[in-house]
Amino acid sequence: MTEEEKEIVKEQVNFYKHYRELIQKGTFYRLISPFERSENETAWMVISKDRMSAIVGYYQVLAKPLPKLKKLPLAGLDPNVLYNVESTSTTHYGDELMHFGLMLEEDQSQKGDFTSQIFVLQAIDPIHE
């Protein structure tokens, strides 16, 4: 393993340790099943019991030439809460993320086959009725 690969693994282990509680005890949602509508992609999310934080994973096996703009509808969020999507530095309300969806990176084809995207959502404005 190269030093660069070791650093990548170290970052991944630190990410897991930081979000261990959420990953182990959160509510899991399968957003795209690799066994049903697509064998080329899968997506899941896990959300905390209080619905204030979530992690979303999207995985694509084979790259597609000239891919269309893609959005991924989420599940289980609080519709009245404003969420910060850390990797994109954008904010969206839960209802927007569940109905319209989370915008995925447009040009995965440049990265080749076997790509993934991970998004961390944190509530920044809990407004409950």
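The values are calculated or read from the model by the stated rules, or taken from the named source; none is laboratory data. Quick caveat: nothing in here was measured; it's all calculated off a predicted structure. Please note: Cβ atoms are built from the backbone with ideal geometry, for glycine as well, and neighbour counts cover all protein chains shown. Side chains included, ligands, DNA and RNA excluded: accessible areas come from the protein's heavy atoms. Shrake-Rupley method; radii C 1.70, N 1.55, O 1.52, S 1.80 Å.
Scanning the range 15-26 for residues that are open to solvent by less than 90 Å² (accessible area, probe 1.4 Å) and farther than 22 Å from Leu82 by Cα turns up Phe15, Tyr16. Candidates are the residues of the range 72-100 that are small (Gly, Ala, Ser) and at pLDDT 95 or above; the one that is nearest to Ile47 (Cα to Cα) is Gly76. Looking at the structure I just gave you, is Leu31 out of contact with any helix residue (DSSP H, G or I) (no Cβ under 6 Å at 6 or more places or on another chain) and modelled with pLDDT under 90? No. Scoring Ser53 on the criteria (1) within 11 Å of the chain's Cα centre (by Cα); (2) modelled with pLDDT of 95 or more leaves a single failure, condition (1).
Of the residues making up the range 58-88, just one is touching a Lys or Arg at 6+ places or on another chain (Cβ under 9 Å) and of a type in the set (Asp, Glu), namely Asp78.
Taking first residues from the range 1-22 that are within 14 Å of Val46 (Cβ to Cβ) and partners that are open to solvent by less than 80 Å² (accessible area, probe 1.4 Å) and part of a helix (DSSP H, G or I), the Cβ contacts under 7 Å between residues at least 6 apart in sequence or on separate chains come to Tyr16/Ile23.
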